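Everything on this sheet refers to the single structure shown next.
The values are calculated or read from the model by the stated rules, or taken from the named source; none is laboratory data. This is a predicted model, so every value here is computed, not measured. Note that we place each Cβ from the backbone using ideal geometry, even for glycine, and neighbour counts take in every protein chain shown. To get the accessible areas, we keep the full protein, side chains included, count just its heavy atoms, and leave off ligands, DNA and RNA. Shrake-Rupley method; radii C 1.70, N 1.55, O 1.52, S 1.80 Å.
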Amino acid sequence: MATTPTGSGAARTPLPAPASLSSPQDPPPPAGTSASASPGPFALLNDEPVVESGADLLGAGRAARRLAGLLVASRDSTPFTLAVDAGWGMGKSSLMRLVDAELAHAPEVHTVWYNAWTSTGADALEGLIKSVLMRFDRRVLRRGLQRISERRALLRAVRAVLTVAAGPLGVAGLVDELWRGLSVNSQARNEMRGAIGELVQEWSQTADFRPRRLLVVFIDDLDRCSEETVLAVCEAVKVYLDVPGLEFVIGCDRSALAPNGLLRDLSPAASAFMEKIFQTSYRIPVPDQQGVREYIDRCARAVGIDQLLDERLTTLLAERSARNPRRIKRLVNGFVLEATLNPMWEDFPPEAVVRTLLLQYFYPDFYRMVAGAPGVGDVIAEFRTYQQVRRLLRAPESVPEAELPRVNRFLREHDLPEWDLRTARGETLGRLERQLPSGFPEMVSDQEFTSLIEGLVALPRSEELLRRLREGASLPAPVQPEPAPYVQARPPQGQLYGTMPPAWTAAPRADDQVLRGVHILWVDDHPRNNETLVNAFRAAGAVVRIAEDSEAADAALAVETPTMIVSDIDRGTNPREGLEHIERLRREGRYDGPVVFYAGRVTPERIALTQQLGAHLTSSGPEIEWLVLRAAEGELPPRA
C-alpha cells in the first residue's frame, strides 16, 4: 500500500471531477505501472460478484475448484443440497459464480441459476421448477407431456390439448404445458416428483451412459426472501426436485434460516423439515488480514484514492469493516462520492475526506461530539489532552514540575480538585475518567484511532475543517451494513467505542402516524438543537411540548402527564440541572413515567446517575427515535 506521510503536502490537490460513474470489478493495475503521485481521476466500484478467477482477490478460486470437483465426483450420490453459508457481503455469490465457471469444463455437467429474491411466495415454487425444466431437451419435454396425458385419467379434451401442444411448441411453451399438467390438481401435485424424476432420468442418460449428465442448480439470495418464499423454494427442492441427477447449491446465511432467525414462527415439524434441506454446508471463512489489505489496495487503486490511505488507515478500514468485501466497497465508493459531490471538500486536501469519513463510519458517537453536539466543546482537543495527562499519571516516575499546571488545569475543567502528592495518581485518573466521555480509556489504546485523529489534526487547514464540523457541516449518513431481513429492529448501541453501527431499522415516520396519541415533554434550554427530531415526531402524530427550563416543565406537568419526558442534563449555569429536576419530580411523586436524557456527552458518571433515576441516557438521535417508538407501543418501562 502506498503511503502518504502524515502532514506532508503530497497528494493534496483538489479532487477532480470523476471520469466515469462506473468501473470494472476490481480491475488490476496495468503491468509495469505505478500509482500516480496525485489522486484521480476518480471512479466507482460496482457490486457485481466475481465471475472469473483472474478477478478473485480473496482466495475464493481455490475453494471454488475444490467444491466443483466434489460436485462432479458426487454425481452418483445425487440428489443432495450444499449450502454456501456466509453473512451479508462475504462473497457467497462470487464463490458460487466461480464454482459455475469451473463446472463449465467438466464433461456432461450443466448448470442453471435461480435468484430466489426475484420471486415472491408461491411463485417461487413454480419459478424454480420451471427453471430446472428449461434445461432439458425439447425431445425429453415432449415425451414427458405425452406420459402425463396417457397416465392420468383426465378429461378427453384436456388430453387432446396436451397431445397437440407437444408438437409445434418450443422449450418455453413445452415447459408451460408441463407445469399446467403437473399442477392441475392435488393428485397431479402428488405425482409431480415422480414425473420430474423420469424427465431427469431420461435427460441424464447420454449415449453410452458414462458419465451420466448432471444438472447443478444454483439458488442465490435465499436469506433475503420472505418466510413464504423461503418455504416455497425449500418445498420445491426437497419435495418435487429431490431426484437423482440434480444437485443444489444454495447461497444463504444459515443463521437466517434458523428457527430464531427469519423463520422464527415455524412449528417444530417445520423446523425439522428445514434442517433436512441441507445435507452439508461450506462456511466461507473470513478473509485473512493480508488478503483483505491487498483487496483494499486494489479497490483504492481502481477508484483513485490509493495515495490517500496509509498503513494504519488500511488496517482500520480492514478491521473495522469486519473484513467484509461488500462493506469495504461501499465505504470506498462513499469516499469518492463525498469527495466529488460535496462542495465543502473543495477547500481541503483529499486526505481530509478519507479521515473524516472513516471517523464518521467507525467511531460514530465520537464523530457526533466532534460535529457540533451541544455542550461538548472541542472533543478532539479534550481527547488529545487526556492522552497527555493519562501518560503523566500512569508513568512510574513522578509528574514533572513543569507539567503540573497542565494536569491541574485539565482536572479543574472537569470539576475535580487539583492533584498533589498526597493523592494516588491512579485514584485521580479514575475520577477523571468518570467525567470524560465513555470509551476514552479504550480509544486511547486504539492505535488506529489515535493515528486517525493525529493525521486529521496535522492536515493543512485542519482548524478550519474542525470548526466547520462543529458548526454542523453537511455530511452524509454513515454507511451501515445492510441489515439482515430477519433481524428485529433494535436500538444502536449508544456506546462511544465500537465498530460499525449495528444493523437497525429506523423508526417509521409520518406516513402512518405511528406516534398518534403520544405526548412528549421535551426540556432543553437550547430547543433549536432538537428541531429535526421534534419535527419528525410531530409529523408522525406525536404531540411535543417544549420547555426551556425546569419551571416551564413543572407548569406543563401540572396541566398534563406526558407519555415520556426527554431532557437535557447541562442547563444554564448548572451542569446537572436536568438530573436534579427529574430527581425532584421522582421524589415528590409528580412524575414516574419514562425519562430519556438526550445529551452530547455520555460519561460513566452520567450513566450511573441516570440509572439511579431509572432513566435512559443516549447521545444518538436514532436511539431517541427507537425509544419514543417503544413508548408509543407501551413497551418502554417507566424505569430503565
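Scanning segment 609-640 for residues that are open to solvent by 10 Å² or more (accessible area, probe 1.4 Å) and of a type in the set (S, T, N, Q) yields Gln611, Gln612, Ser619. Of all residues in segment 598-609, one or more are under 34 Å from the mean Cα position of the chain (by Cα), aromatic (Phe, Trp, Tyr) and within 16 Å of Met369 (Cα to Cα).
Residues in segment 167-188 that are loosely packed, with under 14 Cβ neighbours inside 10 Å, at pLDDT 70 or above and part of a helix (DSSP H, G or I): Ala172 only. Filtered by the rule that a residue be exposed (fewer than 15 other Cβ atoms within 10 Å of the Cβ) and β-branched (Val, Ile, Thr), segment 445-468 gives no residues.
Quick check, is Val379 in contact with a Leu (Cβ under 8 Å, 6 or more places away or on another chain) and of a type outside the set (Phe, Trp, Tyr)? If you could, list the steps in order and put the result at the bottom.
Values: in contact with a Leu (Cβ under 8 Å, 6 or more places away or on another chain): no; of a type outside the set (Phe, Trp, Tyr): yes.
In short, no.
In segment 102-128, the residue that is least open to solvent (accessible area, probe 1.4 Å) out of those that are in a helix (DSSP H, G or I) and modelled with pLDDT of 90 or more is Leu103.
Looking at Ser474, Ser462, Ser438, Ser398, just one residue is over 23 Å from Leu359 (Cα atoms) and either among the hydroxyl-bearing types (Ser, Thr, Tyr) or under 32 Å from the mean Cα position of the chain (by Cα) (or both), and that residue is Ser398. Residues in segment 375-391 that are polar (S, T, N, Q) and over 10 Å from Phe440 (Cβ atoms) were compared, and the one that is farthest from the chain's Cα centre (by Cα) is Gln388. In segment 506-513, is there at least one residue being touching a Pro at 6+ places or on another chain (Cβ under 9 Å), part of a loop (DSSP other than H, G, I, E, B), at pLDDT below 90 and open to solvent by 40 Å² or more (accessible area, probe 1.4 Å)? Checked segment 506-513: at least one residue is touching a Pro at 6+ places or on another chain (Cβ under 9 Å), part of a loop (DSSP other than H, G, I, E, B), at pLDDT below 90 and open to solvent by 40 Å² or more (accessible area, probe 1.4 Å). In segment 413-444, of all residues being in a loop (DSSP other than H, G, I, E, B), among the hydrophobic types (A, V, I, L, M, F, W, C) and modelled with pLDDT of 90 or more, the one that is least open to solvent (accessible area, probe 1.4 Å) corresponds to Leu436. Only one of the listed residues (Glu247, Glu235) is under 27 Å from Val112 (Cα atoms), modelled with pLDDT of 85 or more and acidic (Asp, Glu). That residue is Glu247.
The residues listed here are Arg571, Arg606, Arg584; of these, the one that is open to solvent by 60 Å² or more (accessible area, probe 1.4 Å) and over 30 Å from Gln513 (Cβ atoms) is Arg584. When Val50, Val99 are checked against the criterion of being within 23 Å of Glu247 (Cβ to Cβ) and modelled with pLDDT of 80 or more, Val99 stands alone in meeting it. When Asn260 is tested against (1) modelled with pLDDT under 65; (2) open to solvent by less than 10 Å² (accessible area, probe 1.4 Å); (3) closer than 30 Å to Ser94 by Cα, just one condition goes unmet, and that condition is (2).
Against the numbered list (1) without any contact (Cβ under 8 Å) to a residue 40 or more places away in the chain; (2) farther than 25 Å from Leu44 by Cα, Val379 comes up short only at (1).
Mind listing whichever residues of segment 561-580 are among the hydrophobic types (A, V, I, L, M, F, W, C) and part of a loop (DSSP other than H, G, I, E, B)? Walk me through how you get there before you give the answer.
Taking segment 561-580 as the starting set, the residues that turn out to be among the hydrophobic types (A, V, I, L, M, F, W, C) are 564-566, 569, 579.
Scanning segment 561-580 gives a single hit, Ile569.
If you go through segment 535-576 and keep only what is closer than 13 Å to Ile520 by Cβ and charged (D, E, K, R), you end up with Arg538, Arg545, Glu560.
Within segment 195-247, restricting attention to residues that are touching a helix residue (DSSP H, G or I) at 6+ places or on another chain (Cβ under 7 Å), among the aromatic types (Phe, Trp, Tyr) and over 14 Å from Val140 (Cβ atoms), which residue is most open to solvent (accessible area, probe 1.4 Å)? Looking at residues that are touching a helix residue (DSSP H, G or I) at 6+ places or on another chain (Cβ under 7 Å), among the aromatic types (Phe, Trp, Tyr) and over 14 Å from Val140 (Cβ atoms), I get Tyr240.
Meeting the requirement of 2 or more residues that are crowded, with 22+ Cβ neighbours inside 10 Å and among the polar types (S, T, N, Q), the helices (runs of 4 or more DSSP H) wholly within segment 272-384 are 350-362.
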